Amino acid sequence: MNRRTALGMVFGAGLLVATGWASKIERPNILFCIADDASMKSFGAYGCTYIKTPAVDRLAREGVVFNNAYNCNPKCAPARACLVTGKYSWQLKEAANHWPHFPPEFRFYPHLLMEAGYHVGLTGKGWGPGTYDTEHNPAGPMYGKIKLKAPYKGMSNIDYAANFEAFLEEKKDGTPFCFWLGTKEPHRAYEKDSWKKAGRNLADAEVPEFYPDNDTIRGDLLDYALEVEWYDTHIGRAIQALEEKGLMDNTLIVVTSDHGMPFPRVKGQIYEEGFHVPMVAYWKGVIQPGRVVDDFVSFPDVAPTFMEAAGLKPHEQMTGSSFLDVLCSPKSGQVDPARDHVLLGKERHDTGRSNEDGTDLAYPVRAIRTKEFLYAHNIKPERWPVGNPEFGLRNCDGSPTKSYLTNLKPGEEEYRYYEMSFGLRPEEELYQIVKDPDCINNLAGNPEYATLKKQLREQMESELTVQGDPRMLGQGDVFDRYKYEGKVFDYTTGKVGSLRGKKQP
């Protein structure tokens with residue numbers, strides 16, 4: 001019996017708990033590739049023309065493209081916490097925040113697979129930033145000794161693909177592997193004007209509607225593009241290593257990013273480009289090539305999917321839902337009718353928003369994304385969404401784009417772009433994504449959409465209540481009290497330290 005026939009028996013009978021799977025087929029290898037700050041729109045598989053991603057595009061042609069994959073919380077640590085635990089952000093206590101200490105009560109899928117006999121490893125960026133109690137990073141044991149000279153300043157000197165090869169060399173014959181290939185690109189900082197060295201053309205960049213169109217922003221986007229391409233380069237080299245070792249036939253490859261690009265109004269924000277992530281999956285003989293799926297999947301769904309693919313029951317702590325049936329279905333379009341929306345949220349990301357006693361405060365949001373609409377409830381609209389201006393707008397990475405926007409003055413024609421990225425926001429936002437993908441036209445105050453807005457909020461809050469979200473139970477301020485484990489630049493002293501209660505001179 002071949003592997004595809006065995007899978008057909010399992011899934012044709014509708015058996016999603018893979019208790020009998022391991023006895024029928026060899027457990028698959030798992031290669032999980034994740035970029036740090038790459039937007040979905042930055043890959044050829046999703047229509048990008050000015051950023052070249054041949055390796056990801058190949059996997060898309062030979063596997064499945066997910067049109068509706070979401071990160072649950074659009075910042076590095078909380079998004080990655082959802083991935084490793086299989087839980088929703090608001091269920092993770094401190095780990096719902098950026099730079100937290102990971103509560104020791106939670107289990108991580110790489111560690112569970114290691115206990116089940118998998119050879120497990122990590123290179124580059126795993127879960128983080130933050131602290132943890134386990135011996136290894138939640139994403140697995142680190143492989144990072146092999147270095148290289150990157151083509152541009154700002155890129156890491158870690159040779160991700162070579163470290164993956166070293167990991168494979170340690171694997172014993174017959175032992176399946178699970179590897180997390182986490183590049184630190186395209187996280188900032190970039191080598192400014194590296195696009196000139198690469199011979200790129202400013203006219204090629206695609207400028208979102210929420211930015212003014214000028215050479216500064218186009219150049220920044222092209223510098224970013226080179227780092228996305230570096231991510232793709234290492235994926236291509238990892239594929240080559242698998243092919244040379246004869247391991248492609250039974251390796252499930254999943255490619256994604258933790259959230260959108262490190263630009264204003266994207267990274268860390270509850271708008272479409274911040275939380276809508278790429279997700280491409282390849283598994284020869286199991287995933288039918290060339291499929292494009294519209295089912296909604298979220299980062300909490302990844303861990304239970306990997307557990308089931310490995311022939312294991314998802315851990316009892318996991319609250320996400322495996323989409324292994326969607327991966328293995330021959331269908332495109334909507335495979336599972338129940339996967340018609342996702343829930344999203346955020347709490348405290350970076351510091352720079354304080355009350356009188358110096359407590360670093362969250363900008364809490366809960367949202368629901370359906371096929372047509374995004375509804376967001378800004379729970380504390382009196383707070384600054386990207387951090388207080390006098391503290392440096394800390395929840396937005398420094399960049400030429402940020403500098404351009406923050407240098408705009410009230411009364412100037414382009415000042416509306418500053419307000420879109422950094423200004424206060426209304427309590428409710430509603431966007432018709434199919435017509436307004438850049439989230440420009442807020443329909444929340446339009447009477448024509450009042451009934452829809454009410455329905456979406458009720459659905460969102462009902463599901464969050466079932467999931468035990470502290471914000472729905474009157475206990476949400478707990479997120480403000482969790483310790484921030486990171487270090488930030490103190491504008492008062494000019495030193496690295498805490499921004500609590502201190503203002504920029």
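Selection within the stretch 101-128: residues that are in a loop (DSSP other than H, G, I, E, B) and free of Cβ contacts under 8 Å to residues at least 24 places away in the same chain. The member of this set that is least open to solvent (accessible area, probe 1.4 Å) is P103. Contact map, the stretch 371-384: first residue within 15 Å of C439 (Cα to Cα) and open to solvent by 10 Å² or more (accessible area, probe 1.4 Å), second residue polar (S, T, N, Q) and in a strand (DSSP E or B), Cβ cut-off under 9 Å, separation 6 or more or different chains; pairs are K371/N68; E372/Q432; F373/Q432.
Residues in the stretch 91-100 that are within 16 Å of the chain's Cα centre (by Cα) and in a helix (DSSP H, G or I): A95, A96. In the set (1) open to solvent by 10 Å² or more (accessible area, probe 1.4 Å); (2) in a loop (DSSP other than H, G, I, E, B); (3) among the polar types (S, T, N, Q), N68 fails one condition alone, (2). Remark: pairs (first residue in the stretch 404-430, open to solvent by 80 Å² or more (accessible area, probe 1.4 Å); second residue of a type in the set (F, W, Y); Cβ separation under 7 Å; 6+ apart in sequence or on different chains) = K409/Y415; L424/W384.
Within the stretch 278-290, count every residue that is within 14 Å of V56 (Cα to Cα) and crowded, with 17+ Cβ neighbours inside 10 Å. Qualifying residue count, the stretch 278-290: 6. Screening R61 with (1) closer than 25 Å to I239 by Cα; (2) at pLDDT below 95; (3) assigned to a helix (DSSP H, G or I) gives one miss only, at (2). Residues in the stretch 429-458 that are of a type in the set (A, V, I, L, M), touching a Leu at 6+ places or on another chain (Cβ under 9 Å) and either part of a helix (DSSP H, G or I) or farther than 23 Å from E419 by Cα (or both): L452, L456. Is it the case, given these coordinates, that K147 is without any contact (Cβ under 8 Å) to a residue 24 or more places away in the chain and either open to solvent by 50 Å² or more (accessible area, probe 1.4 Å) or over 27 Å from C396 (Cβ atoms) (or both)? Yes.
Within the stretch 342-352, not a single residue is more than 28 Å from P129 (Cβ to Cβ), open to solvent by 10 Å² or more (accessible area, probe 1.4 Å) and in a loop (DSSP other than H, G, I, E, B).
The requirement of being under 26 Å from R265 (Cα atoms), buried (at least 24 other Cβ atoms within 10 Å of the Cβ) and either among the aliphatic types (A, V, I, L, M) or over 19 Å from the mean Cα position of the chain (by Cα) (or both) is satisfied by D360. Taken as a whole, the structure places I270 among residues that are under 21 Å from P129 (Cβ atoms) and either at pLDDT 95 or above or more than 16 Å from the chain's Cα centre (by Cα) (or both).
The values are calculated or read from the model by the stated rules, or taken from the named source; none is laboratory data. Remember, predicted model here, so these are calculated numbers, not experimental data. In this analysis, Cβ positions are derived from the backbone assuming ideal geometry, glycine residues included, and neighbour counts consider all displayed protein chains. With ligands, DNA and RNA removed, areas are computed over all heavy atoms of the protein, side chains included. Shrake-Rupley method; radii C 1.70, N 1.55, O 1.52, S 1.80 Å.
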